[in-house]
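No value in this document is a laboratory result; all are computed from the given coordinates. All of these numbers come straight from a predicted model, not from anything done at the bench. Reconstructed Cβ throughout: ideal geometry from the backbone, glycine too, with neighbour counts over all protein chains shown.
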Amino acid sequence: MNLFQSAHLHLTGFTAEDVETITRWYQDDEYLRALSATIAFPDTPLKWQKWYESLPDLKDEYIFAIRLRADQSLIGWIALDGILWNHGAAWLSIAVGEAHQRGQGYGYEACELILRYAFHELNLHRVQLTVFANNHRAIRLYERLGFVREGVYREYLHRDGQRFDMYLYGILRSEWQPR
């Protein structure tokens, strides 16, 4: 078992060269609006350079670059953070930044890798996440992985004149079955 590789992906650390790519993703309004409830606004290279420089100081946060094994190109990121070691719980976040790579199954592969890492390497008991109700692709992904909808933040998100719920999903180690 290779902890950081699947059929098509390799989870790695970030490099200084990745800052330019990440900055480009944070110019994409579709990406920004799917990822966060905050106001969509393009980020600067300086912000991502400072973020990159802060990575060695992170504690209780594991963030990986998602790269294609074929050419090691950066296509997204995945993270476990907000870890409460005494409860064995963590939050999962994932984003495929390259628009042409979305919907190709890479999110599923990356989540399988991070869940294996969470349950086997970090010895966690629970992984949880939130997702907006209008993000149907992500909801299908999480349910296919075995996540269970545990709660609803009613009318949490206001976008384009509409209100959308935000769902809380969780998966326990005993529910997760590696594929």
* To do: Could you work out how far apart the two model spin labels at Asp29 and Asn123 are, taking each label as a point 7 Å from the Cα in the direction of the beta carbon, and quote it in nm?
  => 4.9 nm
* When the Cα centres of the range 1-46 and the range 69-128 are compared, how far apart do they sit, in Å? -> 12 Å
* Asked: Can you work out the FRET efficiency for the pair His158 and Ala16, with r the C-beta to C-beta distance and R0 = 30 Å, to the nearest 0.05?
  -> 0.20
* Asked: What full-extension length gain, to one decimal in nm, is calculated for Glu143 and Asp81 as 0.36 nm per residue of separation minus the Cα-Cα distance?
  -> 20.3 nm
* What does a probe at Ser93 reach in the range 1-35, counting residues whose amide N is under 11 Å from the point 7 Å along Cα→Cβ? -> 35
* Backbone N within the range 145-179 under 16 Å of label point (7 Å from His136 Cα along the Cβ vector) -> 164-165
* To do: Determine, from the Cβ-Cβ distance of Gln5 and His100 and an R0 of 30 Å, the FRET efficiency 1/(1 + (r/R0)^6), rounded to the nearest 0.05.
  => 0.85
* Sort all Cα-Cα distances of the chain into consecutive 5 angstrom bins from zero, then give the percent of pairs in each bin up to the one containing the longest distance. => 1, 8, 16, 20, 21, 18, 11, 4, 0, 0
* Asked: Just in the range 63-107: which trypsin sites (Lys or Arg not before Pro) are loop by DSSP and have at most 15 other Cβ atoms within 10 Å?
  -> Arg69
* Asked: Percent antiparallel among DSSP beta bridges with both residues in the chain, to the nearest 5?
  -> 90 percent
